[in-house]
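To keep things clear, I will list the structure first and then write my remarks on it.
The values are calculated or read from the model by the stated rules, or taken from the named source; none is laboratory data. Everything quoted here is computed from the prediction, not taken from an experiment. Every residue, glycine as well, gets a Cβ built from its backbone with ideal geometry; the counts of neighbours run over all protein chains shown. To get the accessible areas, we keep the full protein, side chains included, count just its heavy atoms, and leave off ligands, DNA and RNA. Shrake-Rupley method; radii C 1.70, N 1.55, O 1.52, S 1.80 Å.
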Amino acid sequence: MHLGVGTARLRRSLRSLAANDGADRFRLIAYAPAIAIILAVLLVELGLGGLRSNTGSWLPLVEVSGVLGAVLAGALWFGWRQSRLAARAMTVLSDSEDERRTISAIGIGSNWDLDLNRIFARFSNDVTTVIKYDRLTITTARSDGRMQLEFVAGLKATEDEIGGAIVSIAGSPDGLRNPTNYGLHSQMTVPIAAIDGTITLRSRIPGAYGPPQVEIMRQVVAQISPGISNAIHYQESQHRVMERTALAEIGRAATQEIDLDSILMVVSGALANLMRFDHLGVIFTEPNGGPATVVCWSKDGLLGLKVGDKVDLDGARNSSGILSGRGEDPLGLSIDGGEAVDEQRLWMQVPLSERSHLLGAIVVSAPGGAVLGEEEADLLQRVANQIAPAIKNAQLTAELTKAVEERRAIAAIGRAASTELEIKRIVTVVAEELESIMPCDRFVATLTESGSEYVEIIYVTGPASPGSEIGDRIPEPTQAQRQELDSRHAILRNGQDIPGSTPATDHHTGMLSWIQVALGEIAEPIGYLSLRSKDPDAYDMSNVEFLEGIAQQITPSLKNARLFERELELRERLDFQNRELQAANAAKSRFLSTVSHELKTPLTIISGFVDLMIDDGDKSDEQHADTLEIIRKNATQLGSLINDVLDIARIDASGLRIEPTVFLVNELVVDLEKGFQQLLYSKKQKLITAVPDDPIWLEADRSRVSQLITNLLSNAHKYSGQGAEIRLSVAVEGDHIAVLIEDEGIGISEEDQKQLFTAFFRADNQVAREAGGTGLGLVIAKSIAELHGGDLWLNSVENQGTTVGFNLPGITSEPVVDPVAEAESLRLSQRSRLFPDADWDDIGETA
Amino acid sequence: MNKILIVDDSPDIRLLLGRTLKAAGYGVSEATDGDEVLPAALSFEPDMILLDVSMTRVDGFKALAMLKADPRTKGIPVLMVTAKGHPTDLETARSLGALDYINKPWAHGEVELRVQWALTSVERQRQRETQIKAERRAS
């Protein structure tokens, strides 16, 4: 019966073994000892049965049965226990079954996806079903041997830079510098062979990861690896296609464009898709040696590189290979003027050569995180090889264009030189043409002056510079420069002190280069042409030769034009002098005629009445008195007229003398007021004076100032009607006195005002005619004011009145009385009333 | 007694000439400017006019032209008085019909002599003309 149980179990076990495949192998193993024991017991029992029939005793049989029963029971217990164990093992086995299914699912998604990023994203999501994490990172190896962060899931750190190189830290393959700061305590890293990279998981739970988890990750990675490889292959081929496209594009530009800038723009644009860089430049060696020139640079000043900079390319020339590095570049450009060098910045320099002839270099600069490895070098070299012929071509075209431009300039200058007669027009054409083909921020043309150490600037362009404008005179080149000129026609200075004929002000306008060529014979040039530039290396010998050619071309024309201009100038001067003389002559004739008329009338009256008196000796005293009065009046008039004429003659000959003394203006005004009383009374006119109460001391010629005011008051009296008011006011303004004389007379028309200050002008109207006078008073008054350093002005409205004002400098303080000067002024005041300071010899000499 | 018209804008000159000529026995009248000449000549009917050249309103040449343009006054002999004495002025005066000129300043007795001579020559001219007319009539 227990056998039946055992066999049933066995059958069940075997059945389940068959049904459950390998999973039930555990049950088989568990039941096997039990079955073996049962079989052994049965064999023993059969053997013992044979023995019992021989002895016929039941005791041993009972004993044996008991033993057998016990063994059987033990076997049954063992089997039961084993089956329990097997059942438990089965549960465990079915869990790992689920896990395997999940792992398979992770692999499935990756196999047909071509986008690495998407593969990583799905993976990071799926993997949470088997392993928990707080941060997952994927890194790949780069061509420069460093690791690059490709993907981050979960917690992100500040130092994470997707696509950036990982700053390697021991034990931190994901570049996380301080995991504990983020609360991450566990970490495991599994390699991904397909991308030559790693996956790193981190968890907040301490001890979260052990060998089982590592095992699972390995399986998981194995699952997704084929997909990743596939995607990488796809990306690489795509990159290659882009590379082809870019090179084709560059090739097209190289064949179609002849302009360097355009070619380099296409290169820069096409490369931008293929590699990470932010600045690209091209440096050209000069065809005839010397330093190389930066011709294209995407950011001015980076690494000290600017377009037009001169650099030493010897490094590239010697190695003729690719140079790359970090921080300071081999050209040594970062030393002066450039930005501070970023130690992490990458640079690469690829030679640009055509048929083993070095043209220059392509220089690339990239931020510290970028890659400038072998692949990039290879790509740049291919680009360089492709554009080199085009660049050579463009260089040749540029040279050819320059030559054509130079020919055109020479032709234009030649045309101007042969057709223009004016120096300025020839030089203008020269300046325009030179500016179009040579570096030039300032152009100066000068002409020598015979017998002078100076040259005159006849044409200048560029920034204004006081002291060197057109018409200014600047020193000729020094002896040393002359000696330099003896050997050549030209002086060339680059980035040095600009010498000699260039005023120091050039430095203020920032001119650093200078080239000057003499016009004509070196020993005796007729002038100089000079060009200046802010570029310290603007000029070379080819410029000098060109300028010398131009100088030779224009010199004969300039000489010719100069002669012509001098002749014109001379003729003009003669014409002008002639006209002046004629005008002066006419004026003199008019003056003489007027003067003689004015002089003869009173003379006629005087002599006529004297004759009458002599003839009529018996006439009464009363009649004689009338006649004498007429004679005296006319004699006075004749005297003042002669004084006026003398004054005018002196003014004309600049011989009118001013003898300043210090006097009180207030007193002078009082004196004049008294002197005019009688004259004013004759027309019932009233003089109103306004003078400050404070004493005004003035240092001036008292008699001349008196004459000045007298002339103005007489005019006011003459041209005002009966009973009119005349105002005389004096004011102090700083160190000047200002005097105003206002009348209500007939005024002066605007037309007449224009010629008021010419000698012997007298407004043509009846009152003026009747008033008499010479018309010289105003001219004399103005001259006196001006001789004192003051001025005189007149404002008049016809039929309303005239205001004449003048001011005189010389306000001073009360003088210490000097008896000698006092006596002298007394002597002067006692001079002849008619001719107070007549000096005929004086006039005769100066007039 | 011959009558003389003095034309000058200077009152002193008029006074001087007036007294000189009165003393020589002429009848005198005055005009103060060129524009007064013609009316004065018509009303005063002088035997001779002394005409100043430089006058304010109408100068002597214009006044002379006016006199010579009027048939009633064109026969009156005119002596110009001038301080200018420029040859062209004299030429102008003569071409306009002035008989003679007196330059300022004149010598002692010059005015009387020139006036007398002028009057005499005009008188002679008249006599000769009358004589010629008479002879023509006779023949």
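Some notes on this structure:
- Sparsely packed loop sites in the range A:153-244 (the trypsin sites (Lys or Arg not before Pro) outside DSSP H, G, I, E and B with at most 13 other Cβ atoms within 10 Å) comprise A:Lys156, A:Arg177.
- Inter-label distance, nm, simple model (7 Å from Cα along the C-beta direction), A:Val167/B:Arg128: 14.0 nm
- Once the partner protein chains are put back, the range B:98-115 shows a loss of at least 30 square angstrom of accessible area, versus the chain by itself, at B:Lys104, B:Pro105, B:Trp106, B:His108 (probe 1.4 Å, ligands and nucleic acids excluded).
- Using the Cβ of A:Ser262 as centre and a radius below 14 Å, the other residues enclosed give a net charge of -3, where K and R count +1 and D and E count -1.
- Amide hydrogen neighbours beyond the local backbone of A:Arg442, cut-off 5 Å, H modeled: A:Arg532
- Residues of the range A:611-649 falling in the label zone of A:Lys588, defined by backbone nitrogen less than 15 Å from a point 7 Å along Cα to beta-carbon, are A:649.
- The stretch between A:Ala193 and A:Glu659 holds 156.2 nm of extra length on full extension. This uses 0.36 nm per residue minus the Cα-Cα distance.
- Amide H contacts of B:Tyr101 (H built 1.01 Å from N, in plane; Pro and chain starts excluded): B:Met80 sit under 5 Å, all sequence-distant by 5 or more or on other chains.
- Per-atom-type breakdown for the range A:603-644 gives carbon and sulfur 56% of the accessible area (1.4 Å probe, protein chains only).
- Solvent-accessible surface, computed for protein heavy atoms with a probe of 1.4 Å, shrinks by 40 Å² or more for the following residues of the range B:1-32 when the other protein chains are added to the isolated chain: B:Asp12, B:Leu16, B:Arg19.
- Exposure rank, largest accessible area first [A:Ile522, A:Ile192, A:Ile216; 1.4 Å]: A:Ile522, A:Ile216, A:Ile192
- Protein-protein interface of the range A:605-640, residues with accessible area decrease of at least 30 Å², isolated chain reference, 1.4 Å probe: A:Ile605, A:Phe609, A:Asp611, A:Leu612, A:Asp615, A:Ile630
- Rg(Cα) / (2.2 N^0.38 Å) computed for the range A:188-262, rounded to two decimals: 1.95
- Solvent-accessible area, 1.4 Å probe, carbon plus sulfur percent, for the range B:1-112: 53 percent
- In this simple spin-label model, placing a label point 7 Å from the Cα along the Cα-to-Cβ direction at both A:Ala731 and A:Val816 gives a separation of 3.5 nm.
- Of the residues A:Trp112, A:Trp793, ranked by 1.4 Å probe accessible area with the largest first, the sequence reads A:Trp112, A:Trp793.
- When chains B and A come together, the accessible area they lose, probed at 1.4 Å and totalled over both chains, is close to 1900 Å².
- With a cut-off of 13 Å between beta carbons, the residues surrounding A:Leu271 carry a summed charge of -4, where Lys and Arg count +1 and Asp and Glu -1.
- Rounded to the nearest Hz, the phi-derived 3J(HN,Hα) couplings of the range A:799-812 under the Karplus curve 6.51 cos²θ - 1.76 cosθ + 1.60 (θ = phi - 60°) are 6, 10, x, 10, 10, 10, x, 8, 10, 10, x, x, 4, 9, where x marks glycine and proline.
- Dipole in debye (nearest 20) - the range A:163-252, about Cα centre, beta carbon charges: Lys, Arg +1; Asp, Glu -1: 160 debye
- Whole-number accessible area per residue in Å² for chain B, which is evaluated in the context of all protein chains at 1.4 Å: 51 Å²
- Antiparallel beta bridges, as assigned by DSSP with both residues in chain B, represent about 0 percent of the total such bridges.
- For A:Phe564, the accessible surface of its heavy atoms amounts to roughly 80 Å² (probe 1.4 Å, protein chains only, rounded to the nearest 10).
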